[in-house]
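Just so you know, all these numbers are worked out from the coordinates, no wet-lab data involved. Here the structure is a predicted model, which means the values were calculated and not measured. Every residue, glycine among them, receives a Cβ derived from its backbone with ideal geometry; neighbour counts consider all protein chains shown.
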Amino acid sequence: MKKLRIALTKGRLEDKTVAMFEQLGFDCEQLHNKGRKLILDIPNANMEVVLAKAADVITYIENGVCDIGVVGKDTIMEYGGSFFEVLDLGFGRCKFALAGKKGVDFYDGYNERTIATKYPNVTRRFFEAKGMDVRVVKIEGSVELAPLLGLSDAIVDIVETGSTLRENGLEVLEDVAPISAKLIVNTVSMKLRQQEIEDLIEQITSVIA
Ligand code: PRP
């Protein structure tokens with residue numbers, strides 16, 4: 001039978017996902033010694049793993065070329081898409097926050113605020129809910145630079161330990177949303193391979209409990 005194909009987010013979530021697979025008894029030898037190989041077999045389970053950038057994990061799941069994905073809630077909130085979000089994996093915990101220069105009152109005055117972020121959709125929704133018009137500038141990385149350089153009044157970004165903010169004289173002004181790793185499933189796979197997928201979800205649930 002065709003292997004169940006799982007898309008994993010490369011980087012921060014990767015090690016924790018592999019550790020979870022090992023707890024499930026999966027042989028992750030190929031994942032540990034992957035070199036430049038992109039599709040990796042789990043020889044002792046009917047599964048293979050694809051390593052991809054977070055937003056691509058969603059694309060592969062939506063298009064049905066992967067059955068299951070592990071991706072952060074941050075990416076799900078920013079890109080959306082139609083798939084089932086079936087499980088909170090409990091790792092990769094951090095949050096979206098609005099942050100700005102320490103001691104500066106962000107809400108003071110009536111000028112239009114500029115917000116720098118890697119997550120323009122999350123940012124727009126956050127301020128829409130407040131009924132506030134803001135200008136959103138998309139930045140690709142190290143968003144914390146934007147207020148320091150005078151490009152923006154604040155940022156919406158991921159805060160994990162808070163040390164990036166602290167070391168740059170910034171502080172959290174408001175929490176936007178909690179984030180953690182989620183298990184997502186293609187809608188067709190959920191029907192066609194229901195038993196296998198439910199078994200896997202059950203196994204995962206027991207190790208993360
Ligand atoms: C993320 C995020 C913050 C930092 C937060 O960036 O955008 O910059 O981590 O972590 P902390 O609260 O523990 O300091 P990442 O390292 O993914 O790099 P990037 O900003 O260049 O994308």
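So which residues in the stretch 15-42 are within 16 Å of the ligand (Cβ to nearest atom) and closer than 18 Å to residue 200 by Cα? Scanning the stretch 15-42 gives a single hit, 16.
Number of residues in the stretch 183-192 that are surrounded by 15 or more Cβ atoms within 10 Å (Cβ to Cβ) and either closer than 23 Å to residue 141 by Cβ or in contact with a Phe, Trp or Tyr (Cβ under 7 Å, 6 or more places away or on another chain) (or both): the value is 4. Per the listing 51, 31, 38, the residue uniquely free of Cβ contacts under 8 Å to residues at least 60 places away in the same chain, aliphatic (A, V, I, L, M) and in contact with a Lys or Arg (Cβ under 6 Å, 6 or more places away or on another chain) is 51.
Taking (1) in a strand (DSSP E or B); (2) of a type outside the set (Asp, Glu); (3) surrounded by 19 or more Cβ atoms within 10 Å (Cβ to Cβ) in turn, residue 146 satisfies each apart from (1). Checked against the criterion of being within 16 Å of the ligand (Cβ to nearest atom), touching a residue at least 12 places away in the same chain (Cβ under 8 Å), touching a strand residue (DSSP E or B) at 6+ places or on another chain (Cβ under 9 Å) and among the small types (Gly, Ala, Ser), the candidates 7, 97, 45 yield just one match: 97. Among the residues of the stretch 154-196, those identified as part of a helix (DSSP H, G or I) and within 21 Å of the chain's Cα centre (by Cα) are 163, 164, 165, 187. For the stretch 12-36, the set of residues classified as part of a loop (DSSP other than H, G, I, E, B) and touching a strand residue (DSSP E or B) at 6+ places or on another chain (Cβ under 9 Å) consists of 12, 13, 26, 27, 28, 34, listed by residue number. Consider the stretch 100-133 and keep the residues that are farther than 19 Å from residue 162 by Cα and part of a strand (DSSP E or B). The one that is nearest to the ligand (Cβ to nearest atom) is 114. If you go through the stretch 134-189 and keep only what is closer than 25 Å to residue 57 by Cβ, away from the ligand (no atom under 14 Å from the Cβ) and basic (Lys, Arg), you end up with just 182. Would you confirm whether or not the stretch 13-27 contains a residue that is of a type outside the set (Gly, Ala, Ser), within 24 Å of residue 188 (Cα to Cα) and touching a helix residue (DSSP H, G or I) at 6+ places or on another chain (Cβ under 7 Å)? No - not one qualifying residue is present in the stretch 13-27.
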